[in-house]
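Inspection log for the structure reproduced underneath, given as structure tokens.
The values are calculated or read from the model by the stated rules, or taken from the named source; none is laboratory data. Since we're looking at a predicted model, the values are computed, not measured. Glycine gets a Cβ as well: all are built from the backbone with ideal geometry, and neighbour counts include every protein chain shown. Quick note on the areas: whole protein, heavy atoms, side chains included, nothing else; ligands and nucleic acids left out. Shrake-Rupley method; radii C 1.70, N 1.55, O 1.52, S 1.80 Å.
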Amino acid sequence: MTIEELAHASGVAFTTIRLYQHRGLLPPPQKKGRVGYYDASHLARLRLIGELRERGFSLAAINELVDDWQRGRSLGDVLGLESDIATLLTPPAVLRLTPAELVERLSGVELTGEVMQRAATLGLVTFDGAEVVVDPTFLDVGSALIEMGFPVDDVLDEYEHLADVTRDLAARFATLFDQHLWQPFVEAGMPEERFAALSEDLGRLAPLAETITTVLLRRALATEASHFLAEKAQGWTPTPEPATSVDRGDAT
């Protein structure tokens, strides 16, 4: 990720990211030419810094934790969470296309400025110089739906709705984790011997949430399809096949 993409993914202003780097809280990016690129570990570190600040830690105190880490003490020993958060927050692979290549991938779609602006607002695309950065999964699904005949505006409408629904689902699981696992851990004084178990629970939560959501969605889709076909079948009468010339002769 570029610093702009990291800022977008983390919700942290790029000026703040540079401040964290200057203070040693965030490792420098990997340089490729004149551009610095960040990865999932930077994203996880930013989320942890935000969490620690919400708990009342000063930047100086957070810096001490980072110093411990850099001296060889695992941050997992301090917080027990970063490796699992890094796994959960690993951003998807991205596809970098020129505008012409994007148009080719979405053959038959008029990519107006309004459509591109909305896609950018929804986070489906970002712009990095002369390149358009897209999630390949979203691009493949969107192009398939459009090829089937769904208007691009409807595809974007459904994506926006689904994004709201999934954010709500994620928030519900986060609330469960907070109420039943995190708060008891805090009330117990955040004992170090429970870090490992809490970290393991966090690592298990995302795939469990994903699995049950997928199962329920498949069940709901099957039910809706069955109801749809049953409803349409009620008013449907097969059209009789026209008689052949032989049939007409036999009837005569």
Self-check item: Single residue of Val109, Val141 found to be among the aliphatic types (A, V, I, L, M) and outside any helix (DSSP H, G or I)
Solution: Val109
Quiz item: Does Asp135 satisfy being more than 17 Å from Ala163 (Cα to Cα) and out of contact with any helix residue (DSSP H, G or I) (no Cβ under 7 Å at 6 or more places or on another chain)?
Solution: no
Quiz prompt | Near pairs, Cβ below 8 angstrom, 6+ apart or cross-chain, from region 1-12 (free of Cβ contacts under 8 Å to residues at least 24 places away in the same chain) to any residue that is aliphatic (A, V, I, L, M) and in a helix (DSSP H, G or I) | solution = Ala7/Ile17
Practice problem: Give just the number: which of (1) open to solvent by 80 Å² or more (accessible area, probe 1.4 Å); (2) in a helix (DSSP H, G or I); (3) at pLDDT below 75 does Arg53 not satisfy? | Solution: (3)
Exercise. Answer yes if at least one residue in region 180-200 is modelled with pLDDT of 85 or more and among the acidic types (Asp, Glu), and no otherwise.
Key: yes
Quiz item: Can you spot a residue in region 136-146 that is free of Cβ contacts under 8 Å to residues at least 60 places away in the same chain and in contact with a Ser or Thr (Cβ under 7 Å, 6 or more places away or on another chain)?
Solution: no
Exercise. Could you tell me whether any residue of region 165-183 is in contact (Cβ under 8 Å) with a residue 60 or more places away in the chain, loosely packed, with under 13 Cβ neighbours inside 10 Å and of a type in the set (Asp, Glu)?
Key: no
